[in-house]
Amino acid sequence: MPDPRTGLDDVDVVFLVHREPPDLLVRHHAAVAAATGPGWRGRALLVENAALPRTSAAAREQLRARYPDADRRVLTSRRNLGFARAMDLALDACGGRYVALVNSDGEPDPCMLRRLAGVLDAEPAAVWAAPAVHGPGEDDDPPGPPVAVGELAGTALLVRREEFLAAGGFDPLYFFYNEDRDASSRLRAAGHLLLRVPDTVFRHPKDGRTARAVLLREWHYARTVQVLVPQHEPRPVRATTAFLGRRVRSVGRHLRDGDLPGAAGIALATLELPRGLLAGAARRHRPWNGARLTAWLDRVRRDVEVHAG
């Protein structure tokens, strides 16, 4: 059945940049502009997350060139906020009914935003809708109808903005990685649906992974998953014990595969293990929610600048 939607002016799009090369941003924005369509009047919000000067310049140029009719704005942070904090500030600065969060190193199908918005229109209980994500290490889901799932990755999401913020948005405790798994768990506990929509695709090639990028990726993932386990597992002590065993095996596997940066990243994260376990236990005792997010936003808004793009 074709989507009844005729436009996307109630859909805002967030563009988060840090150190992306200009040519990558050109490809990304060309694909997103095709998905928003000509004459789109939603809000195009560029988030400069301690961005390199050349990244900032290229991103602003793309914003002006690709979305001439949009409400263009730029949110600038001089320090790297990570993904969760930057997205909470971006969602707060948006005004649309829905907000698209898309990784800057991927490309949506031309129909993706319209399809996801149509799915959320049809299912009021759903707060997130995500396409199939195709690329190295992704699930590459085959085409099919929308389906409720236990969790969705933040790679490409359409978010029902006010409802997600009311549920706490992303927890700022998660600097980078696993903020989506934490939020998925909280949303489902609150009775919301998460929908995978595999008849539309976001392509995520993950080009140019340097040794430094691999080390940072494994470090960030490992240091946040050691918060997630004690926070959300039904039997946290048993789950943490099993997790520690998997951690040792994971380092060994990376070493056997010759992935020294990956092994080093995980080992560095393990130095923070006591703090991570305590933080996860504290969140379990006092869960993150909309009231805590509102108080956090009130404190940190003054640290960023928002101006016309």
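Observations on the structure shown:
- Flag if residue 218 is open to solvent by 10 Å² or more (accessible area, probe 1.4 Å), part of a loop (DSSP other than H, G, I, E, B) and in contact (Cβ under 8 Å) with a residue 40 or more places away in the chain: no
- Of the residues making up segment 116-132, those that are among the hydrophobic types (A, V, I, L, M, F, W, C) and either at pLDDT below 95 or surrounded by fewer than 19 Cβ atoms within 10 Å (Cβ to Cβ) (or both) are 122, 125.
- Scanning segment 44-62 for residues that are farther than 8 Å from residue 17 by Cα and buried (at least 21 other Cβ atoms within 10 Å of the Cβ) gives 44, 45, 58, 62.
- All of 294, 240 fail the test of being modelled with pLDDT under 95 and of a type in the set (Ser, Thr, Tyr), apart from 240.
- With respect to (1) charged (D, E, K, R); (2) assigned to a helix (DSSP H, G or I); (3) in contact (Cβ under 8 Å) with a residue 40 or more places away in the chain, the lone exception for residue 23 is condition (3).
- Counting only residues that are outside any helix (DSSP H, G or I), within 23 Å of residue 267 (Cα to Cα) and among the β-branched types (Val, Ile, Thr), segment 183-215 holds 1 of them.
- Looking only at residues in segment 88-110 that are part of a loop (DSSP other than H, G, I, E, B) and closer than 30 Å to residue 302 by Cβ, the one that is most open to solvent (accessible area, probe 1.4 Å) is 97.
- Taking every residue in segment 58-85 that is more than 15 Å from residue 33 (Cβ to Cβ) and pairing it with any residue that is among the acidic types (Asp, Glu) and loosely packed, with under 15 Cβ neighbours inside 10 Å, at least 6 positions away or on another chain, the pairs with Cβ-Cβ distances below 6 Å are 76/305.
- Check on residue 196, over 14 Å from the mean Cα position of the chain (by Cα), surrounded by 20 or more Cβ atoms within 10 Å (Cβ to Cβ) and not small (Gly, Ala, Ser): yes
- Residue in segment 254-267 that is nearest to residue 215 (Cα to Cα), counting only those that are open to solvent by less than 80 Å² (accessible area, probe 1.4 Å) and of a type outside the set (Gly, Ala, Ser): 261
- For residue 113: the one exception among (1) farther than 29 Å from residue 214 by Cα; (2) of a type outside the set (Lys, Arg); (3) surrounded by fewer than 24 Cβ atoms within 10 Å (Cβ to Cβ): (3)
- Within segment 268-297, the set of residues being among the small types (Gly, Ala, Ser) and either in contact (Cβ under 8 Å) with a residue 60 or more places away in the chain or closer than 24 Å to residue 219 by Cβ (or both) comprises 269, 276, 279, 280, 281, 282, 290.
- When segment 284-309 is filtered for residues that are of a type outside the set (Phe, Trp, Tyr) and open to solvent by less than 40 Å² (accessible area, probe 1.4 Å), the ones remaining, listed by number, are 290, 293, 297, 300, 304, 309.
The values are calculated or read from the model by the stated rules, or taken from the named source; none is laboratory data. What you are looking at is a predicted structure, and each value in this text was computed from that prediction instead of being measured. Counting neighbours? That spans all protein chains shown, and the Cβs are built from the backbone with ideal geometry, glycine included. We work out accessible area using only protein heavy atoms, side chains counted, and drop any ligands, DNA or RNA first. Shrake-Rupley method; radii C 1.70, N 1.55, O 1.52, S 1.80 Å.
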